[in-house]
Structure formats: structure tokens, C-alpha cells
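Input: a single structure, listed below in C-alpha cells.
The values are calculated or read from the model by the stated rules, or taken from the named source; none is laboratory data. On a predicted model such as this, the values are computed, not experimentally measured, just so you know. Neighbour counts are summed over all protein chains in view; Cβ atoms, including those assigned to glycine, are modelled from backbone coordinates with ideal geometry.
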Amino acid sequence: MQQIDPTAWIAASAELYGKIQVGAEASLWPKCVIRAEAQEVRIGAHTNVQDFAMIHIGYDNPTIIGEFCSITHHATVHGAVVEDDCLIGINAVIMDGAVIGRGSIVAPGAVVTEGKLIAPNSIVAGVPAKVIKERDNAAENRLNAWNYWRNARAFRRGEHRAWDGEAFARFTAEKRKELGLA
């Protein structure tokens, strides 16, 4: 059973199987795969799951991804929890039972092992992943999610250059100000 919010954008080549919830204004990009043969997958509002990402459940663990998250290209989230305002880097892997705390960044290529609990506002890197810095990344991560939201709206209209030009520069400046980044 799938519950896809009607405002979510899903690329034609995205593959969804099993019990999946996708929140408002979320976006699922080309070639991402989400499978839930047991448990469930929940993706929060304004979250983007980018090209070739793999979202899967564990036998005993659902996969829950919060709001305003970016699961970037080729990342794998497997039976884990990613709290709000997180960015999971390119080719990163998050394994069963792991929890990524709000406002965190998982660096590209990092592997968060089974059951690892990452405190909010962490930056983690390495294999296995370790906290290398503590900093509130929520606003920057949310800005990235807003940019993907804007991009998804453009793609829905068949426009593939949403990050180009004066309108994008204005949008980014407004969001930076709104998020306290200006």
C-alpha cells in the first residue's frame, strides 16, 4: 500500500515497491529505488531522494526519513532513521538500526554501521563513520532541500534549468534570509 501525497513529484523512472509513504512536496528523482517488502518506508515533506539512491527496509527495521532531508546520488539508507534537516552525501551508506540526528551531514562515501546513533548537529565521515565535527547544519541542509523542491516543481512543468538565472538567484537569496543564512 502506497500513500503518495499528490504534491510530491516522482520521476517516471523511480521504482517504488511495498508499503511506502511520501510526504507533501517531496521529490523522488530518476532511477531511485524504494523497496519495503516488510516493515515500511516513510519519507517526510520536502525531502528529496536523488538519482540512483536506494531506500530499503531491514528485516526488523522500517526506514524513516524526516522532513527537509536530501538523500543524495547513489546513497543507500537501509532500515535506518534519518531525522529532519539532514543531508546524506553521495555514495554514503546508512545501515539497519542506525539513527542520524536532526541537522546532521553524512559525508560522501561514509558508512554508518548497524545500530550507530549519531547525535543531532553532527558531521560524520569515514568507514566506519565517526563524528568529525559538531555544528548545526539544519539551515544549510534545509536550503538544499528547498532548492530540490524548486527543481521538482520545474521538472513537473518539463523545465530542466531551474537553478539558472536571476529568478533562481532571487529565490536562493530569499530562502537564505528566511533561514537566517544571509
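This table checks each residue for (1) in a loop (DSSP other than H, G, I, E, B); (2) closer than 20 Å to residue 69 by Cβ; (3) among the aliphatic types (A, V, I, L, M); (4) touching a Cys at 6+ places or on another chain (Cβ under 9 Å).
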residue	(1), (2), (3), (4)
115	yes, no, no, no
120	yes, yes, no, no
124	no, yes, yes, no
133	no, yes, no, no
141	no, yes, no, yes
158	yes, no, no, no
174	no, no, no, no
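Selection of strands (runs of 3 or more DSSP E) fully inside region 1-91 by the criterion of at least 1 residues being crowded, with 20+ Cβ neighbours inside 10 Å and in contact (Cβ under 8 Å) with a residue 12 or more places away in the chain returns 15-22, 33-43, 54-56, 63-65, 76-78. In this structure, residue 113 does not qualify as touching a strand residue (DSSP E or B) at 6+ places or on another chain (Cβ under 7 Å) and at pLDDT 95 or above.
Specify the residue that is surrounded by the most Cβ atoms within 10 Å (Cβ to Cβ); the eligible residues are those in region 131-182 that are among the basic types (Lys, Arg) and either without any contact (Cβ under 8 Å) to a residue 24 or more places away in the chain or over 30 Å from residue 94 (Cα atoms) (or both). Taking the candidates together, the pick is 150. Please enumerate the residues belonging to region 13-29 that are in contact with an Asp or Glu (Cβ under 9 Å, 6 or more places away or on another chain) and of a type in the set (D, E, K, R). Selection gives 19, 25.
Condition first: within 17 Å of the chain's Cα centre (by Cα), modelled with pLDDT of 95 or more and among the aliphatic types (A, V, I, L, M). Can you find one or more residues in region 164-172 that meet it? No: zero hits.
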